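S.K.: Here it is, the structure, as structure tokens.
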Amino acid sequence: MPQRAFLPRVCIALGFPDVETLLDRARREVESGEGFLEFRLDYLAEPRSGADAIRAFLAENNEVTILATCRRHQNHGRYNGSVEEQLEILGAAADAGARALDVEIETAEMAAAQLEHLRSKAFVVISYHNYGGTPALEPVFRRMSRISADALKIVTTAKKPSDNFRVLSLARQHSRIPVVVLAMGEIGFPSRVLATSFGGIYTYAAPISAEGTAAGQVSARLLRHLYRVEKFTRQAKIYGVIADPIRHTISPAVHNRAFQYRRIDAVYLPFLVTTAQLKDFLGLVEKLPVAGFSVTIPHKQRILRYLDVVDPLARRIGAVNTVWKKAGKWRGSNTDAGAVTGPLSRRIRLPKASVLVVGNGGAARSAAFALADAGANVSIAGRNPDRVRALAKACGAEMLLRDQLGSRSFDALVHATPLGMFPHAGECFFDDRIPAEVVFDMVYNPRETELLKRASDQGKTTIPGLEMFVEQALHQFETWTGETAPRSIMEKAASEALAQLHGPSTE
Ligand code: NAP
């Protein structure tokens, strides 16, 4: 019987209705370097054909470890037969060469004697799944411990950020028996990345060219090459970004590449955190523990009340996008501000320059305060005169109504509204003449916005939003690590991640 050391750290879950597709996808995984595959026999129209499929596959790929699963529909699988038939199918899978078997707890409790027989043939993982949430886990663990098994697998659904830690901590608390732990769903994604560093024996990933078999699974390529699940250690520092929505963030691509390049033992994770869950997340950061995080929509303002020390500029702006812990205190700053003045000051001299800021939201506030501090003469325009007036007053800027812009010209313009952002890429704040020589668009998805296209056509110098994105990420990296950020590596990672995005970005 194979021991835990035989099981690689990433298992690819393969669930397909016919043997040909299953074998074809399994071969593709092996070609891409994977060596641990879960064959979901319950997904096959004929689960009994699974054993022959395993035999045929192993005849060509005998170095691959196969985990066979035939979960009953009562337990959220697709198999409709009896417990006896289920165990027969799993026994045949082991005879065909499957080195590990997944048997759900409900079956295991009904068939303790047959289970012992299966354990003589293969490594038996007893599994518990909860698709509704993450209940109290100690009773679950006690229930599972009554069954003799080679490993215990506990998979729940994360409903809030702290569920990640509740599931992961099981692996740290119970080191006598090998465990597999993770929380499904988008909120639970960090648990998939951290599972093995917390002591879980493996984690699950989706196949290269298909949906996975559970919510929140991502491809092994991402787990291995971007999140480096096999590389970072138990002592690795954990960073991340909080947002809602989180799906289209490019920050993990940028920061993980930078950590990799600088050989820093750290990982950067996407945390889906709703407005109501911010407090719960701040409990999680103490436990995991998280060393720092990026903050984006909708938390940039609200996060301030939870911080011990806020940088004066961020306090004046009223928004924090970078948080880190130093000497036991949570600190916050705003790297968006420097990410506006940095790119602009590489093109123009900011003191006394006339700069128009378009918009009055969080990003516009960062730009307006930072530019005013840099000595620029700032004007602000937007669609809501009352809000524009309030921001202009707060940072000592001039307020302009939209129809006053026709007669004015500025050295530079900073666009800070979502106009032109995917999927509304055709939109632009300006109807035709763009009233500035240097045009900086904060929107970065698409890379070349309608505003930037029109500005180029009018012979202006343009600054794409991606340059700002990279600049604020560089400052975050340096704040967190104290090392010089690898600018060109981060630029390349941001461009590549953006090119792969097929949806709107959260920034
Ligand atoms: P926000 O706080 O929601 O503010 C949005 C601003 O845009 C508000 O002033 C709003 O005006 C205005 N606005 C929205 N729809 C408009 C429309 N149809 N016409 C005219 N004005 C409109 O958002 P934010 O955080 O400031 O972000 C603004 C943009 O900057 C986003 O696209 C974001 O992705 C981007 N950004 C990029 C970076 C980067 O690194 N490149 C960093 C930060 C932000 P009202 O007040 O009248 O509603």
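The values are calculated or read from the model by the stated rules, or taken from the named source; none is laboratory data. These figures come from a predicted structure and were not determined experimentally. With ideal geometry, Cβ positions are generated from the backbone for all residues, glycine too; neighbour counts draw on all protein chains shown. Surface areas here come from the heavy atoms of the whole protein model, side chains and all, with no ligands, DNA or RNA. Shrake-Rupley method; radii C 1.70, N 1.55, O 1.52, S 1.80 Å.
S.K.: How would the range 10-231 be classified by its alpha-carbon gyration tensor: rounded, prolate or oblate, with rounded meaning a/c under 1.5 and the a/b versus b/c comparison settling the rest?
M.R.: Details: a/c = 1.62, a/b = 1.14, b/c = 1.42.
Oblate is the answer for the range 10-231, as a/c is 1.5 or above yet b/c matches or exceeds a/b.
S.K.: Kirkwood Rh, the chain, all Cα pairs: how many Å?
M.R.: Details: mean 1/r = 0.0401 Å⁻¹.
About 24.9 Å, per the Kirkwood formula over Cα pairs.
S.K.: Subtract the Cα-Cα distance of residue 403 and residue 56 from 0.36 nm times their separation in residues, and report this length gain in nm to one decimal. The partial results should precede the final answer.
M.R.: Values: separation 347, 0.36 × 347 = 124.92 nm, distance 7.32 nm.
That pair, residue 403 and residue 56, stretches by 117.6 nm at full extension.
S.K.: OK, next. Looking at 428, 74, 26, which one has the Cα that reaches farthest to the positive end of the dipole of the chain (charges on Cβ: Lys, Arg +1; Asp, Glu -1)?
M.R.: Working it through, the farthest residue towards the positive pole turns out to be 428.
S.K.: Using a 1.4 Å probe, how large is the accessible area of residue 184, given in Å² and rounded to the nearest 10?
M.R.: 10 Å²
S.K.: Alpha carbon centre of the range 13-54 versus the range 308-326: separation in Å?
M.R.: So the separation of the two Cα centres works out to 51 Å.
S.K.: In nm, to one decimal, how far is the residue 143 label point from the residue 117 one, both placed 7 Å along Cα→Cβ?
M.R.: Distance between the two pseudo-spin positions: 2.6 nm.
S.K.: For the range 10-231, report the accessible area per residue in Å² (1.4 Å probe, heavy atoms, rounded to an integer).
M.R.: Values: 8160 Å² over 222 residues.
Result: 37 Å² per residue.
S.K.: Sticking with this one: Out of the total accessible area of the range 337-463 (probe 1.4 Å, heavy atoms of protein only), what percent is carbon and sulfur? Don't skip to the answer; put the middle values down first.
M.R.: Details: 2660 of 5610 Å².
On the range 337-463, the fraction of accessible area on carbon and sulfur atoms equals 47 percent.
S.K.: Ok, one more. Just want the answer: with Cβ charges of +1 for Lys and Arg and -1 for Asp and Glu, which residue in 313, 273, 301 is farthest toward the dipole's positive end in the range 253-337?
M.R.: 313
S.K.: Now for a separate question. Using alpha-carbon pairs under 8 Å, 6+ residues apart, how would you state the relative contact order of the chain in percent?
M.R.: Relative CO of the chain lands at 9 percent.
S.K.: Separate question: Toward the positive end of the charge dipole of the range 10-231, about the Cα centre and with charges on Cβ (Lys, Arg +1; Asp, Glu -1), which of 148, 209, 122 goes farthest?
M.R.: Positive-end residue among those listed: 148.
S.K.: Let me ask another. Quick check: at a probe of 1.4 Å, how many percent of the accessible area of the range 10-231 sits on carbon and sulfur atoms? Walk me through the intermediate numbers first.
M.R.: On the way: 4020 of 8160 Å².
Result for the range 10-231: 49 percent of the exposed heavy-atom area is carbon or sulfur.
S.K.: Pairs 121/231; 121/287; 453/492; 153/231; 393/492: which exceed 29 Å Cα-Cα? Don't jump to the answer; show the numbers that get you there.
M.R.: Numbers: 121/231 32 Å; 121/287 40 Å; 453/492 22 Å; 153/231 23 Å; 393/492 39 Å.
Pairs exceeding 29 Å: 121/231; 121/287; 393/492.
S.K.: Please state the charge dipole magnitude for the range 204-354, taken about the Cα centre, from unit charges on C-beta atoms (+1 on K and R, -1 on D and E), reported in debye and rounded to the nearest 20.
M.R.: Working: 25 positive and 9 negative charges, 140 e Å.
Here the size comes out at about 680 debye.
S.K.: What is the distance, in nm, between label points placed 7 Å from the Cα along the Cα-to-Cβ direction at residue 384 and at residue 433?
M.R.: 3.0 nm
S.K.: Whole Å is fine, so just give me how far the alpha carbon centre of the range 356-377 lies from that of the range 119-191.
M.R.: Computed from Cα coordinates, the inter-centre distance equals 49 Å.
S.K.: Right, here's the next one. Determine the per residue accessible area of the range 325-392 with all protein chains present and a 1.4 angstrom probe, expressed in square angstrom.
M.R.: On the way: 2700 Å² over 68 residues.
I get 40 Å² per residue for the range 325-392.
S.K.: Rounded, prolate or oblate, given the Cα gyration tensor of the range 337-463, with a/c below 1.5 counting as rounded? Mind showing how you got there, number by number?
M.R.: On the way: a/c = 1.41, a/b = 1.21, b/c = 1.16.
It comes out rounded by the Cα gyration axes.
S.K.: Once label points are set 7 Å from the Cα along Cα→Cβ at both residue 492 and residue 348, what is their separation, rounded to one decimal in nm?
M.R.: That separation, rounded to one decimal, is 3.3 nm.
S.K.: From Cα pairs below 8 angstrom and at least 6 apart in sequence, can you work out the relative contact order of the range 10-231, rounded to a whole percent?
M.R.: 16 percent
S.K.: Over the range 279-374, calculate the relative contact order: mean separation of alpha carbon pairs under 8 Å at least 6 apart, over the residue count, as a percent. Provide the component values of the computation, followed by the final result.
M.R.: Numbers: 113 pairs, mean separation 23.6, N = 96.
It comes to 25 percent, rounded to a whole number.
S.K.: Here's something else I'd like to know. Let's see if you can work this out: charge +1 on each Lys and Arg Cβ, -1 on each Asp and Glu Cβ, no other charges. What is the dipole magnitude of the chain about its Cα centre, in debye to the nearest 20?
M.R.: Details: 63 positive and 54 negative charges, 410 e Å.
With Lys and Arg at +1 and Asp and Glu at -1, about 1960 debye.
S.K.: Multiply the residue gap between residue 28 and residue 233 by 0.36 nm, knock off their C-alpha separation, and tell me the result in nm, one decimal place. Please list the in-between numbers first.
M.R.: Values: separation 205, 0.36 × 205 = 73.80 nm, distance 2.91 nm.
Length gained, residue 28 through residue 233: 70.9 nm.
S.K.: Report, in debye and to the nearest 20, how large the dipole of the range 10-231 comes out about its Cα centre when Lys and Arg carry +1 and Asp and Glu carry -1 on their Cβ. Please report the intermediate quantities before stating the final value.
M.R.: Values: 26 positive and 27 negative charges, 210 e Å.
Using Cβ point charges on Lys, Arg, Asp and Glu, the range 10-231 gives about 1020 debye.
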